[in-house]
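Beneath this line is the structure, given in C-alpha cells, with notes to follow.
The values are calculated or read from the model by the stated rules, or taken from the named source; none is laboratory data. None of the values given here were measured: they were computed from a predicted structure. Heads up, the Cβs are rebuilt from the backbone with ideal geometry, glycines too, and the neighbour counts pull from every protein chain shown. Ligands, DNA and RNA are stripped out before the accessible areas are found, and what is left, the full protein with its side chains, is counted by its heavy atoms. Shrake-Rupley method; radii C 1.70, N 1.55, O 1.52, S 1.80 Å.
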Amino acid sequence: MASTPERIILASASIVRAALLRAAGVDFTVEPAAIDEHRLKQGARRDGDSAVECAAALAAAKARCVSNQHPEALVVGADQILALGSEWFDKPGDLAEASAQLRVLRGRTHRLATAACVVHGGVPLWRATSIPELTMRRFSDAFIEAYIAAEGEALLGSVGAYRLEGRGVQLFSRIIGDHFAVLGLPLIELLGFLRERGVLSV
C-alpha cells in the first residue's frame, strides 16, 4: 500500500508565494509564522550578516516556528530582503513611503536576497538562496504618481513597492536572475526537493 504523502505547510502570509505553489500543482495549507522579524534583522545587522544570510535565517526561523506546532508536516519558510548597496529595505508602511522608496531606487541597481527553507520535526532538511539583480529605469515623478494611483495599497505588501507580476514590470530596464526568486520563492529548486522527498510525482 502506498504511503500517504507528507502534508506541506507554507509558513508565510505572502499571497504571491501561495499563488506560485498553487499554480505549480502543490497541495498545501498556509500558516504564517509569528516571529519578530524586526528583532532578527537588527541582530543580523549588528552581527555583520549579509542580506542573503539574514534572509536565510529568517526563512529558517519561520519554518521552525510553525514546525514546532506541526512536527509531522513539511514546513516551507521563505524570506526576501531588498538590498541597495549596504541599505536594506522593508515593505513600505504607507503609500507615501512607497513613493519615497521608488524615488530612491529609480535609475539604480538593487538585489533581492531570496531564501527558502524546509523543516520537518524542527530539523532543517533543505535550503536554497538566490540573489536576482534588478535595475530600475529613470522614470519621472509623474509616472510614480500614476503607478501608485493605479496599484494602490497592494504595493504595501511588496518590498520596494513593486509587484513584478503586475504593473511593476514597467519600472525596470533590466532583470538578471531567476524570475520566481524575484517573486519571492526559489520555486524550481523547491519543487525538485519535493520530488526527491516523494511528495510530488516524478
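State whether one or more residues within the stretch 40-62 are open to solvent by less than 20 Å² (accessible area, probe 1.4 Å) and acidic (Asp, Glu). Checked the stretch 40-62: no residue is open to solvent by less than 20 Å² (accessible area, probe 1.4 Å) and acidic (Asp, Glu).
Scanning the stretch 159-201 for residues that are under 30 Å from VAL104 (Cα atoms), at pLDDT 95 or above and small (Gly, Ala, Ser) yields a total of 3. Inside the stretch 145-202, residues that are of a type in the set (Ser, Thr, Tyr), crowded, with 18+ Cβ neighbours inside 10 Å and not in a helix (DSSP H, G or I) make up a count of 2.
Could you list, in sequence order, all residues of the stretch 63-94 that are open to solvent by 20 Å² or more (accessible area, probe 1.4 Å) and either aliphatic (A, V, I, L, M) or assigned to a strand (DSSP E or B) (or both)? If the condition is that a residue be open to solvent by 20 Å² or more (accessible area, probe 1.4 Å) and either aliphatic (A, V, I, L, M) or assigned to a strand (DSSP E or B) (or both), then GLN80, GLU87, TRP88 are the ones that fit. Summed over the stretch 95-113, residues that are open to solvent by less than 10 Å² (accessible area, probe 1.4 Å) and either assigned to a helix (DSSP H, G or I) or in contact with a Cys (Cβ under 6 Å, 6 or more places away or on another chain) (or both) total 3. On the stretch given as the stretch 124-166, residues that are acidic (Asp, Glu) and closer than 19 Å to ALA83 by Cβ total 1. If you go through the stretch 105-156 and keep only what is modelled with pLDDT under 95 and closer than 16 Å to ALA181 by Cα, you end up with nothing.
Within the stretch 33-57, restricting attention to residues that are touching a residue at least 24 places away in the same chain (Cβ under 8 Å) and in a loop (DSSP other than H, G, I, E, B), the residue that is nearest to the chain's Cα centre (by Cα) is ALA33. Residue pairs whose Cβ atoms lie under 8 Å apart, sitting 6 or more positions apart in sequence or on different chains, and linking a residue in the stretch 134-153 that is under 14 Å from GLN170 (Cα atoms) to a partner that is exposed (fewer than 11 other Cβ atoms within 10 Å of the Cβ), are LEU134/ARG174; THR135/ARG174. Kindly list the number of the only condition in (1) without any contact (Cβ under 8 Å) to a residue 60 or more places away in the chain; (2) more than 21 Å from LEU194 (Cα to Cα) that fails for ALA113. Failed condition: (1).
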